[in-house]
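**Student:** Got a structure for you, written out below as structure tokens; questions coming shortly.
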């Protein structure tokens, strides 16, 4: 078995090719090309393990994947920002096409009409979902989308305080704080009651709807409160809920963002996802990120192009609306294919399946002695259950039985667990969860 | 000449909403298997959901035909400078799609996701090794987010030392736009440093501007001119002596794998673009991943979470003085799996060979093209070569026209008009993944275009002629924004 130790199936150059190219360049060895690197720092040692064949690589990754089996088998009642939803086969089939997968950001519109038109469709769909006027091509994820929304509200209002409703996801709040701290903006919490009187010079009121605990907020009231204070209403919402719940745009929200993951994107341990970002058209010039627009080519036929680029970092540099460059175009495409496949009736059905199953689960769990629903109001597909013992103990036992329990929120609600039910949970799953909880409550 | 087979068909002018026919469905869902529950009051429900109604074959054909309007690495040579459009191995997509990877909930108990955490821990170690740094965070979801995190770490470092006045970030005039944009987002004032006649940073200018307000410098290595800064060690020294820190933009790391470690050269913190150097697919503009690697003294400020091995198991933790979270969960895991697979497939020596072939290919292009096009800096380059079309501009044809004409020859355009300091820049990065035959065909096309400029400039200045659409009216796009389908239009 004679084989060059540096042979790589991903690189075509043979030793003969290299010789010929070196001659054309006029140097005698490849290392001569690295002469600008100070000698003492050249060719450091690497402690990366030796190469694997494709077969060995598959085996290694399959073994690593197998170590995660308890996380992926069995029913899942975990949500809190990432959701196990049904993904039609069409989504992966389209996203696997090399023409989409291996293309760059469509800066050359003549050879990127596929990506550009898909972005235009994505912008259309996100606007339609949330009843908003304009959308961008997508942000990194739901959390950064919301953070950029708050920063955008600061630019629009030229104010530098951000209020957030205290039912916001803790991890979204952490990301918001990272982003706003950089601009010397300190977010402050308000409750549904205290939101009525926001501090002076508040740029925006940030609301998650449905909130972190799964419940709908009173957006009509909150919109009034923001308006009275001269602040913008920034809503982080859920695209599946938009299948049946009245969308934030219809309440007059100024900026609406969301995590796009539930729209046909694998959970993939937290990413890649896509942040949806929409706003009123009057704020268009302050939008962060890329935007595709429809125009015509020199023959007058309709064509698509990245537009309004003077907002962006590659043109405006330190005065750009954001530093975002590479975002999540492929994931945006997947969400677009998902929405096209599910369509008007399909998305409503998914939303209704989630709603009815979640409410069924809540109704049987709250009938179990020792368990109750501590929060009031209308929830969508997540709800908090107060347990008779610490959720950590309950979840550990559930995991042994092959069930992924809900998120332990006992730091916020005593013995609270945030349960999520989607269309993927069968009645048998839900009944099994309830039976296990009953056993654990004894 | 036809470069994209489907271009003989006129593109589908209709949008999804215009294809919609009431009653069509793209997928069937299971019936409700629990008793129907009472709905909320109707004021909370939406009355209209304006999404398209399409059957599955229509959806598939619509998007498949769209895909055929794209150039991509799988179909074409994509010599886009600074973007490292190399081959994306298919096995990487396959392993990232294993259910044990793709279906893990990010908040699943750590004991149930040890395989994923182990992979992340190893990748952290590999990237720390490659960069010569002490620790790595994988939480950042793109290069620009890595930059933002890096400058926030620098800011936190100075604040903790009681030096809040350190708010000046130095950035060379050749830098990517994300550098100044990230510095501004991080609360810094940007000062631009000029380049000298050899394409290096002007060291005298640097020494003149460093003072007690200096927070740090952001340097791309090799620079966006495709050159390795001759004075790199001294630049780091000057900045450090003034109390500043050195940030490395790793966008061009494809030149340096196993050739030099930024940590050893004197850099304090850097990011790496997995979607460039480590072969994860660009996806038409993401997903990316921009891990941040830091020296011992900055490691406590890394964005979190990072994965630690406590001897019993792998766990997610926040570094002691972390600048915080930058993503809802732990970064773009699916991208991390692909990069991990790439590193494992190549090994250390294979990675070194990647940079050698990338630099060899770029220099080969330079050697063959430098007679027909101008070179701003006549010296060996690293992984990319920056040509100038200033000679052609005098003949009435611009760099943009040459780039567009390349599309007719079946090549993606190079990066144009960047770096900003090169007149009519054409920045060409071949990567290691292209064969000599492809490079020769590209050279032939470039030489042929140079001839056309002399003999038939109109064919170049009106290019492309064979693509699905011709040049676009970008002014109209910006002046009359049409950014979505709307009913009745």
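The values are calculated or read from the model by the stated rules, or taken from the named source; none is laboratory data. Remember, it's a predicted structure, so these values are computed and weren't measured experimentally. A quick note on method: Cβ atoms are made from the backbone with ideal geometry, for glycine too, and the neighbour counts reach across all protein chains shown.
**Student:** Residue A:369: outside any helix (DSSP H, G or I) and in contact with a strand residue (DSSP E or B) (Cβ under 9 Å, 6 or more places away or on another chain), yes or no?
**Tutor:** No; evaluated as a whole, the condition is false for this residue.
**Student:** When you scan region A:133-141, do you find a residue that is surrounded by fewer than 24 Cβ atoms within 10 Å (Cβ to Cβ), under 20 Å from the mean Cα position of the chain (by Cα) and in contact (Cβ under 8 Å) with a residue 24 or more places away in the chain, even just one?
**Tutor:** Within region A:133-141, one or more residues are surrounded by fewer than 24 Cβ atoms within 10 Å (Cβ to Cβ), under 20 Å from the mean Cα position of the chain (by Cα) and in contact (Cβ under 8 Å) with a residue 24 or more places away in the chain.
**Student:** When only residues in region A:21-41 that are within 22 Å of residue A:7 (Cα to Cα) and surrounded by 13 or more Cβ atoms within 10 Å (Cβ to Cβ) count, which is nearest to the chain's Cα centre (by Cα)?
**Tutor:** For region A:21-41, the residue satisfying everything is A:34.
**Student:** Could you grab me the full set of residues in region A:174-203 that are more than 9 Å from chain B (Cβ to nearest Cβ) and closer than 24 Å to residue B:184 by Cα?
**Tutor:** Result: A:176, A:180, A:185, A:186, A:187, A:188, A:201, A:202, A:203.
**Student:** While we're on this one: Determine whether region B:399-413 contains at least one residue that is over 27 Å from residue A:13 (Cβ atoms) and not in a helix (DSSP H, G or I).
**Tutor:** No - not one qualifying residue is present in region B:399-413.
**Student:** Now for a separate question. Within region B:195-221, can you find the residues that are touching a residue at least 40 places away in the same chain (Cβ under 8 Å), touching a strand residue (DSSP E or B) at 6+ places or on another chain (Cβ under 9 Å) and under 23 Å from residue B:255 (Cβ atoms)?
**Tutor:** B:195, B:199, B:216, B:217, B:218, B:219, B:220, B:221 - these are the residues of region B:195-221 that are touching a residue at least 40 places away in the same chain (Cβ under 8 Å), touching a strand residue (DSSP E or B) at 6+ places or on another chain (Cβ under 9 Å) and under 23 Å from residue B:255 (Cβ atoms).
**Student:** Additional query: Just one of A:94, A:119 is in contact with a helix residue (DSSP H, G or I) (Cβ under 6 Å, 6 or more places away or on another chain) and in contact (Cβ under 8 Å) with a residue 12 or more places away in the chain; which is it?
**Tutor:** The conditions single out A:94.
**Student:** With A:327, A:340 as the choices, which residue is assigned to a loop (DSSP other than H, G, I, E, B), more than 23 Å from residue A:215 (Cβ to Cβ), at the interface with chain B (Cβ under 7 Å from one of its Cβ atoms) and touching a residue at least 24 places away in the same chain (Cβ under 8 Å)?
**Tutor:** Exactly one of A:327, A:340 is assigned to a loop (DSSP other than H, G, I, E, B), more than 23 Å from residue A:215 (Cβ to Cβ), at the interface with chain B (Cβ under 7 Å from one of its Cβ atoms) and touching a residue at least 24 places away in the same chain (Cβ under 8 Å), namely A:327.
**Student:** Turning to a different aspect of this structure: Within region B:370-377, is even one residue assigned to a strand (DSSP E or B) and touching a residue at least 12 places away in the same chain (Cβ under 8 Å)?
**Tutor:** yes
**Student:** Looking only at region B:25-44, which residues are at the interface with chain A (Cβ under 7 Å from one of its Cβ atoms), surrounded by 13 or more Cβ atoms within 10 Å (Cβ to Cβ) and farther than 27 Å from residue A:303 by Cα?
**Tutor:** The answer is B:25, B:27, B:29, B:32, B:33, B:34, B:37, B:40, B:44.
**Student:** Could you check region A:155-164 and list, in sequence order, the residues that are part of a strand (DSSP E or B) and surrounded by fewer than 23 Cβ atoms within 10 Å (Cβ to Cβ)?
**Tutor:** The answer is A:161, and nothing else.
**Student:** So which residues in region B:218-271 are assigned to a loop (DSSP other than H, G, I, E, B), more than 9 Å from chain A (Cβ to nearest Cβ) and over 25 Å from residue B:208 (Cα atoms)?
**Tutor:** B:226, B:251, B:252
**Student:** Given the condition free of Cβ contacts under 8 Å to residues at least 24 places away in the same chain, under 30 Å from residue A:342 (Cα atoms) and in contact with a helix residue (DSSP H, G or I) (Cβ under 7 Å, 6 or more places away or on another chain), answer yes or no: does some residue in region B:107-127 qualify?
**Tutor:** For region B:107-127, residues free of Cβ contacts under 8 Å to residues at least 24 places away in the same chain, under 30 Å from residue A:342 (Cα atoms) and in contact with a helix residue (DSSP H, G or I) (Cβ under 7 Å, 6 or more places away or on another chain): present.
**Student:** Taking residue A:129, is it buried (at least 17 other Cβ atoms within 10 Å of the Cβ), in contact with a helix residue (DSSP H, G or I) (Cβ under 7 Å, 6 or more places away or on another chain) and more than 7 Å from every other protein chain (Cβ to nearest Cβ)?
**Tutor:** In short, yes.
**Student:** Could you check, for region A:9-18, whether at least one of its residues is touching a strand residue (DSSP E or B) at 6+ places or on another chain (Cβ under 7 Å) and either assigned to a helix (DSSP H, G or I) or at the interface with chain B (Cβ under 7 Å from one of its Cβ atoms) (or both)?
**Tutor:** no
**Student:** Looking only at region A:300-314, filter to residues that are assigned to a helix (DSSP H, G or I) and facing another protein chain (nearest Cβ under 7 Å); which one of those is surrounded by the most Cβ atoms within 10 Å (Cβ to Cβ)?
**Tutor:** Result: A:313.
**Student:** Which one is farthest from residue A:111 (Cα to Cα) among residues in region B:45-81 that are surrounded by 24 or more Cβ atoms within 10 Å (Cβ to Cβ) and more than 7 Å from chain A (Cβ to nearest Cβ)?
**Tutor:** B:81
**Student:** Please tell me if residue B:373 is at the interface with another protein chain (Cβ under 7 Å from one of its Cβ atoms), in contact with a helix residue (DSSP H, G or I) (Cβ under 8 Å, 6 or more places away or on another chain) and modelled with pLDDT of 95 or more.
**Tutor:** No; evaluated as a whole, the condition is false for this residue.
**Student:** Something else now. Being more than 7 Å from every other protein chain (Cβ to nearest Cβ) and assigned to a loop (DSSP other than H, G, I, E, B) is the filter here; which residues of region A:36-59 pass it?
**Tutor:** Residues satisfying the conditions are A:45, A:53.
**Student:** Can you tell me which residue is nearest to residue B:233 (Cα to Cα) among those in region B:173-200 that are assigned to a strand (DSSP E or B) and at pLDDT 95 or above?
**Tutor:** B:193
**Student:** Tell me the residue from B:252, B:179, B:200 that is surrounded by 19 or more Cβ atoms within 10 Å (Cβ to Cβ) and more than 19 Å from residue B:150 (Cβ to Cβ), please.
**Tutor:** Residue meeting the stated conditions: B:200.
**Student:** Just give me the residues in region B:377-424 being crowded, with 24+ Cβ neighbours inside 10 Å, more than 29 Å from residue B:89 (Cα to Cα) and under 20 Å from the mean Cα position of the chain (by Cα), in sequence order.
**Tutor:** Within region B:377-424, B:419 is the sole residue that qualifies.
**Student:** Considering only residues of region A:320-356 that are farther than 22 Å from residue A:423 by Cα and out of contact with any helix residue (DSSP H, G or I) (no Cβ under 7 Å at 6 or more places or on another chain), which is surrounded by the most Cβ atoms within 10 Å (Cβ to Cβ)?
**Tutor:** Taking the candidates together, the pick is A:327.
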